[in-house]
Amino acid sequence: MNVSELIWGAVGVLLTVMVLSYLIGDNVLFQIAVHIFIGLTGGYLVVLIINHILLPQLMTPLIAGSWSEKVWFIAPLLMITLLLLGQIPRFKSLGNIPLAYLVGLTAAIAIGGAVFGTLIPQSRAVIAAFDPSQWDGNTENSLFSILDASIMLIGTVGTLSYFHFGRKRNPKNDQEATQPPMIFKALGKIGQVFIGITLGAVFAGLFSTSLVALIDRIVVIGQFIGQLIGGG
Amino acid sequence: MTKLICPECGTENDPSAERCSECGAPLTIEKLIENSKGDETGGDALDRLSAAETDLPGLLHALKQDGDVTDEPGGGEPSSMDDASLSVSADKEEDKVLPDWLNRIRQRASEEADSAGEIIQKLSAAQENLAQEGSESKHEGFTSWIQNIQEEASSSASENRAAEESVSDENRKKPDEIPEWLNTIRKIRGTAQDDLKKEPSHDLGGDSLLQWLMDLEDGKATSEEIPKPGLDNLDDAYEEGEESAASEQVFDGGVTQELRIFKQEAPPLIVTREEQAQADQLDATIVDEGASRVLQKPGKRTSKWVMRLFFALLLIGSVSLALFAGNSPQRQDKPLKPQNQALLTWASEISPNAAILLVFDYQAGYAQEMKLIAPSVLKSLVNKVTEITILSSSVSGKLLAQRLLGVLEVEEALIINDLGYFPAASYGAYGLANRDHGTWPLAHLPEVVQEIPADGFDGILILSDSDESARSWVEQLSVLTPETPINLLLTAQAGPLLLPYWESGQVTGMISGISEAAAIEASEACETNISSLWRAYQTGILMLMIFMLIGAFFVVERTPSDEGRRAS
């Protein structure tokens, strides 16, 4: 183990212990470690954006490109300028223009992706599960496929029913709304079960991932201590 | 300079003199008016009127203070209480406008037999007789009237209004009872009176008090224009009908007063449902603020972090023991899941000239798990293809790619194209997918960007730790490039929510978590570190389950009612 490995290994062990000190509550060591990580991430992000986005994709074409190519970069340059001007209170309204452009574009892309990439394909998958052509000739497998498709359908409808909050107006009393239909209430209860199972699976996955990270840290610390003791 | 001329001897006297300085005769208003009739020179008459007007503000104030105090100087005997009231009210205008000095003259004349002239004494005697006769009838009428009010309390307000209207009509119908001095003033004003009558009195705005008096006499103006202290609101309320009013007339010592008795009624309280809810919430808040609370003792918090530290050390100790003690674990053959098998099949069947894109979309904290999951697939890829393209949508994606590919010990012949950093996954996927159809070639873009294959990629492998970010990639790429196989290498936390995309056919294959990676390692006989970590992983999972059970059975969260019960 050379000096560099020793130093950086010690720094790694020290930071790991500082983060684990949160077990006894919020303390100075934990806050120092968090500030170090946040500062490093921020600094690295700035350098990354400058080197990988601003310089190669904006400044270089503006400097070395032809006039026809430069025209294409007027729009992003204008947006950047407006966004910077938006930080000045007097020109705050100007900063809304690029933000509105970003919000609108993000919404368009996200909605398009959600509808055509998730909603329609997933609905189609639920329907296709009942397609007999998808089943094989084995009776046992066919029954399992029907059962699988039925559970999927009930789970889908139940989950959607759980998030159905619409109610009709009570004609006798404008102030009160009628109760949701019984079918929605019943399916909503079933949907709760599916939602609970889903969240439980996500929680188990999060637990598993965190445990792997803990094991990795223990391995690193153990190896560091072993190298210190073993001298190699 | 205004002078008072004695009606007896013609001597000029000071305006404030009550008796003539020469003969001692009283300087009454009647004599003065008679004197003014003989002298039609407008200058002196107007001067006298001006002098009289200077005293009018006090007169008007006295009028408001005295209310409806009147006497009956020469009218006929009222047939009933109402008639008496009406007649008295009709003549009260005269006394309202009489100056104080004239009232004092009258008072002295009534008290001292020799202080007034013969005519005044006769007039006073006649007035007293009439007042006495009227008072008797008024007493009788008053009693019956009170009884009527008690019997017909509900209709009293309307009766009073009708009575007032009749009074006003009576005033208008009795021009003959106008005091003589007012007629004199009218004559002095001459034809200007008609012109002034055409204009509303309120428009004059106090410029001509005399005009107001004339309007008052004609019924155009009312005494209500001068506000009474403390009674304004009552009059307004009476007009608006907000208060039920009963009216009674009181005769007290020759003075008839009309008193309005207002019965204040509480307005109806209308509370909406929302206001009631807010009021209830406010009440609950007030009650809650005053409720006794149990302060958490410092020792209790200390015990909490001690317990937390104890269980954490127990977990770390058990995992460390499983890692560093005992024999090397045996591999356990587990059946591969269909999605795992599909991914391995795709990786094994890839063409050597295929264009492969690796998307690094995980954070540095999950590098160890990804280092355990990805090598089995990446090794088969890099051993077949000659060129791969990497792209990162996480801040440290480039560094993580270098570290992961360094672990694989790839051959130097492998060409790695770095597309750089895409801050947003959805933007990156959308731009990448539409790059194939781009019609705006830019000459000075980075060289690696231009290295994107024109026909698109033959396969895309996404390494992600977030279901949202991976879903964005899948949503965009599966729609825009449906023919391109999309595969996922995910951490355990992202796997469950992305499994439906494999079942729907949008994703070709996927591996999620260390358990699936361990199964692949066992089936493929790959040399990774999973086998050495697997026992620690199982130990950790077991310990966490025990801790959760302990927490569920012994560390029950106390409800506020429990805290209150304990405090009591």
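Here, each number is a calculation from the coordinates, and none is a lab measurement. Everything quoted here is computed from the prediction, not taken from an experiment. Every residue, glycine as well, gets a Cβ built from its backbone with ideal geometry; the counts of neighbours run over all protein chains shown.
Observations on the model:
- Taking label points 7 Å from Cα along the Cα-to-Cβ direction, A:Leu58 and B:Leu321 give a separation of 5.7 nm.
- Take each residue in B:348-361, count the other chain C-beta atoms within 10 Å of its C-beta, and the mean is 0.
- Under the simplified labelling scheme, the B:Ile416-A:Ile36 pair shows an inter-label distance of 2.7 nm, with each label point 7 Å from Cα along Cα→Cβ.
- Each Lys or Arg adds one and each Asp or Glu subtracts one; over the other residues with Cβ under 15 Å from the Cβ of A:Ile218, this totals 0.
- Residue separation of A:Ile183 and A:Ile7 scaled by 0.36 nm, minus their Cα-Cα distance, works out to 56.8 nm of gained length.
- Efficiency of FRET from Cβ geometry, A:Gln192 and B:Ile550, R₀ 25 Å, rounded to 0.05: 0.40
- Arranged from fewest to most other beta-carbon atoms within 10 Å of their beta carbon, A:His35, A:His52, A:His164 become A:His35, A:His164, A:His52.
- Trypsin sites (Lys or Arg not before Pro), loop per DSSP, at most 16 other Cβ atoms within 10 Å - longest free stretch of chain A: A:1-166
- Residues with amide H under 5 Å from that of B:Arg19, placed H, sequence gap 5 or more: B:Leu27
- Of the cross-linked pairs B:Lys337/B:Lys371; A:Lys189/B:Lys334; B:Lys334/B:Lys384, those separated by over 25 Å at the C-alpha level are A:Lys189/B:Lys334; B:Lys334/B:Lys384.
- Counting Cβ atoms of other protein chains within 10 Å of each residue's Cβ and taking the mean over peptide A:215-227 gives 4.
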